[in-house]
Amino acid sequence: MPQHQLVQPAINTDFDLPDLAAAPQYQLLDEQTNSASEVVLETSQPIPAGYEEVNWETVVEGVINNTLSALGDTQDPVAILREYCNAFLCGRPLNLSTEENFTTGAVSSVTVARNNLFETAIEELPYLEDIRNPLCVTFYGEMAADLGGPRREFFGKFLHHVKAIMMVVEDDHLALVENPEWLAKRLYYYIGVIAGLSMIQGGITPTMLYYEIQHLLLEQRPLEHQRQFEEGLSRTGIRQLLRSRPSVKFLIMPSASTGLTVQKLIRLLQPRFSEEGSNTHRAETTMYAKFIKYIREVAGELK
C-alpha cells in the first residue's frame with residue numbers, strides 16, 4: 001500500500017484511502033518522495049460561529065459531535081480526519097487548480113519570510129482572523145497566488161524548524177524542550193495550533209510530535225510547556241478528535257523503520273544475572289559492562 005501522510009514520512013496504518021468523489025481537493029503528501037495523491041473533500045458544512053470569540057470550545061464540541069454522528073462506528077483514521085475537515089473548515093476551498101476562484105471564500109492571510117519563516121510566522125499568527133478558514137500564505141517579495149502549494153510549504157518548514165531547534169531525543173523519541181523564554185512567547189501554543197492546522201489543511205503530518213500528543217492522550221500530568229502545546233492543539237479540535245477516535249493517532253505515528261540505536265539494542269538484549277553477591281554475578285556484570293562499552297564504540301564509529 002502506498003505510504004501516505006498528511007504529510008508524513010510514512011503512515012503506519014493498514015487502512016486504504018477510500019475512493020472519494022466531490023468538490024474541493026485535499027492532498028496527502030509523501031514526505032520521502034514528495035509525491036502527492038489527491039483526496040477530494042465534500043463541501044464543508046460549517047457550524048455558524050465566530051470562532052475566535054469565547055465560544056470556540058462550544059464550536060469544537062459541535063464539530064466533533066457532527067463528525068461522530070456522520071461517521072457512525074467507523075474507525076478508519078483517514079475517513080475520520082476527512083469528515084472532521086469537512087465539518088471544521090469554512091471559507092475558500094483548500095486547493096484550487098487555477099486562479100479563477102482565488103477570491104471566492106474567506107481565508108486567513110499569513111505573510112512570512114522564507115529565510116526566517118518560524119519567527120515571522122510567530123509574529124503573524126496572533127492576528128489570524130479565523131483559523132477555520134484556510135491559510136493563504138504569501139512569502140516576502142513573492143506575488144504568486146496561494147492555490148495550496150505555499151500553504152503546504154509553510155506547514156512543512158514551520159514544523160521542521162520545531163523538530164530541528166525545539167526538540168531533543170529522550171528515550172528514543174523526540175520531545176519538546178521546555179524553555180522559559182519560549183513559554184513567555186507562547187511558542188508551544190502556536191506549535192499546537194500549526195500542528196493541528198497542518199493535519200486539517202493538507203500539510204505534513206506532525207509525526208515528530210507523536211509522543212507529545214500521546215502523553216496528552218494518556219492524561220498524564222503535563223508540564224507547563226505541554227499544557228501550552230495542548231491548548232494550541234485543542235484550539236483546532238485535533239486533541240478532542242484523538243480522544244474521541246483514538247485510531248486517528250495512526251496517522252501521526254512515526255514510521256517503524258527508524259533504525260537500530262544503542263538504547264534499542266540494550267533494551268532488546270536484556271541480561272539475566274546470577275544471584276547478586278556471588279562471584280558469578282560479579283564476573284557477569286564485568287563482562288556486561290565491557291559489552292555496553294563495545295556497542296557504544298561501534299555506534300560511534302558508524303556515525
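The values are calculated or read from the model by the stated rules, or taken from the named source; none is laboratory data. Since this is a predicted model, take the numbers as computed values, not measurements. For neighbour counting, all protein chains shown are included, and Cβ atoms are generated from backbone atoms with ideal geometry for every residue, glycine included. Protein only, heavy atoms only, side chains kept; ligands, DNA and RNA dropped before computing areas. Shrake-Rupley method; radii C 1.70, N 1.55, O 1.52, S 1.80 Å.
For first residues located in region 158-171 and without any contact (Cβ under 8 Å) to a residue 12 or more places away in the chain and more than 14 Å from residue 116 (Cβ to Cβ), partners that are among the β-branched types (Val, Ile, Thr) and open to solvent by 60 Å² or more (accessible area, probe 1.4 Å) and lie 6+ apart or on another chain with Cβ distances below 8 Å do not occur. Checked against the criterion of being of a type outside the set (A, V, I, L, M, F, W, C) and either open to solvent by 40 Å² or more (accessible area, probe 1.4 Å) or on the phi > 0 side of the Ramachandran plot (or both), the candidates 261, 205 yield just one match: 261.
Residue 188: under 20 Å from residue 156 (Cα atoms), out of contact with any strand residue (DSSP E or B) (no Cβ under 6 Å at 6 or more places or on another chain), hydroxyl-bearing (Ser, Thr, Tyr) and buried (at least 22 other Cβ atoms within 10 Å of the Cβ), yes or no? Taking the combined requirement at face value, the residue satisfies it.
Close contacts from region 275-291, counting a first residue that is over 19 Å from residue 262 (Cβ atoms) and a second that is open to solvent by less than 70 Å² (accessible area, probe 1.4 Å) and among the small types (Gly, Ala, Ser), with Cβ to Cβ under 8 Å and a gap of 6+ residues or different chains, come to 280/274; 281/274; 284/274. Of 178, 129, all but one fail to be under 19 Å from the mean Cα position of the chain (by Cα), in a loop (DSSP other than H, G, I, E, B), in contact (Cβ under 8 Å) with a residue 40 or more places away in the chain and surrounded by fewer than 18 Cβ atoms within 10 Å (Cβ to Cβ); the exception is 178. Scanning region 141-175 for residues being on the phi > 0 side of the Ramachandran plot and open to solvent by 60 Å² or more (accessible area, probe 1.4 Å) gives a total of 2.
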